[in-house]
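Report on the structure given below.
Since every read-out is calculated from the coordinates, none of them should be taken as a lab result. Source: prediction; values computed, not measured. Glycine also receives a Cβ, built like all others from the backbone with ideal geometry; neighbour counts cover every protein chain displayed.
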Amino acid sequence: MGKAYRPYLPDQDLLLPPSLRDWLPENHLVYFVSDVVDQLDLSAIEAHYEDELRGQPPYDPRLMTKLLIYAYCVGVFSSRKIHKRLMEDVSFKVLAAGNEPDFRTIADFRKIHLKALEGLFEQVLKITLEAGIMKLGRVALDGTKVKANASKHKAMSYGRMEEKEKQIRAEVKQLLAQAEAVDQEEDAQWGMGVRGDELPAELQRRESRLKKIRMAKRALEERAREEAAAKGKAAEEVKEAQPADKDQYNFTDAESRIMMGADGFVQGYNAQAAVDSAAQVIVAAAVTQETVDNHQLLPMLHQVEENLGRKPQAASADAGYWSEDNATDQSVAEIDLHIATGRDKHGETPLPASSPGLEPASAKEAMRHKLRTEAGRAVYKMRKAIVEPVFGQIKEQRGFRRFSLRGLNKVGCEWKLVCAVSNLRKLYGSGWTPQVA
């Protein structure tokens, strides 16, 4: 007698309707996401559909929100890949309960409700606070460069634009002369009103490129004036401000910038996060076009206070955030700051907490002395262990290395969604369970 096996009948219909809750382990992430989203206020999204009477009924906003959040949780960011998972992945099928919105529906939902999805960051943060897994004693700040949805090869410098504009103008002039010669020749041969189609097409392409370059030049010139005004220069100087030859403009995402990241120069944005030391929860998040971080310290700490209703007891940040103005601003007077002022020499001996007769002459010297004490070193040393693992989980584990959207406002909203997902996963890992009604 042959070996007996368990029954395997792939063509047999199911005799009883299956329960979706039986398809995955009870503690699966997909159920956690579903239960948490059921507790969120999605009225801003639902309001969009209340007066819509045309066409087929839309997909339930809770389904679409759960789908996006779960996809970001497991490192799937493309609407096409999300749709593919809906067709092939059991967890996505369970979450959608048999629905299969196509990739365009998913992409449109994200675009239409981007601002509302950004607001989920604060809602998830509130749940995290109520769950009691963070204390907001100390926060660590850092920035990471995230690639834009654009190639750096689609960027052009102001100096190169000047050269290219002259070159295309010369080509246009030459083509116009050729066109005129062809017209005269054909008029003589065939009579008035007959012309070829090739040259106008070439002219159209060059005129289009010329228009784009001129638009980009105007954008860079306006940016130069804005930067001059921000530096407090006189009105006449602002008016005459010009871009440097090396200033770049990207034709795919004009608001992105060339930045130095861990992987070298990238076309991207500077994504900021303030992270709580107790559970590595992101308590503030933002995106900036600035390549350096020193203008981000005060806004990020202010956002922490706005999000949680109180200031952190202490904050640490690397040397990129240092400035005398940051250290002495009244808004951070109650916060115990640990900000590096530069690179310390290797093997430098720690200082005692107080050094009689050596009164610091400036805020920079006082901060440097603070970070050279054993206590200060111990606090600052923990900064990397607090914030850098969070960036590693976002970029390496979940693979979020490039924004899906374009433009500063849109990528700022997407970064908040990414950070909300990061906090959601911290909640899931803590063992906390949502109370299901």
Just grab the label-to-label distance for MET215 and ARG169, each label 7 Å out from Cα along the Cβ direction, in nm (one decimal). 2.0
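Kindly provide the trypsin sites (Lys or Arg not before Pro) of the range 213-266 that DSSP labels as loop, not H, G, I, E or B, and whose Cβ sees at most 11 other Cβ atoms within 10 Å.
Qualifying residues, ordered by number: LYS231, LYS246.
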Using the reciprocal of the averaged 1/r over all distinct C-alpha pairs, how large is the Kirkwood radius of the range 209-271 in Å? 13.1
Theoretical FRET efficiency, 1/(1+(r/R0)^6), r = Cβ-Cβ of ASP245 and SER208, R0 25 Å, to 0.05: 0.55
Pseudo-spin-label distance GLU122 to GLU226, built 7 Å along Cα→Cβ, given in nm, is 2.4
How high is the FRET efficiency from MET87 to GLN397, r the C-beta distance, R0 22 Å, rounded to 0.05? 0.35
Could you list, in their original order, any pairs among LYS173/LYS211; LYS381/LYS410; LYS111/LYS384 whose Cα atoms are separated by more than 23 Å? LYS381/LYS410; LYS111/LYS384
How far is it, in nm, from the label point at GLN56 to the one at THR291 when both lie 7 Å from their Cα along the line to the Cβ? 4.9
Could you pull the Rg and Dmax for the range 20-118, using just the Cα atoms, both in Å? 13.3, 40
Can you list the trypsin sites (Lys or Arg not before Pro) in the range 38-82 that are in a DSSP coil and have 13 or fewer other beta carbons within 10 angstrom? ARG54
Report the calculated FRET efficiency for GLU306 and MET260 (r = Cβ-Cβ distance, R0 = 35 Å), to the nearest 0.05. 0.70
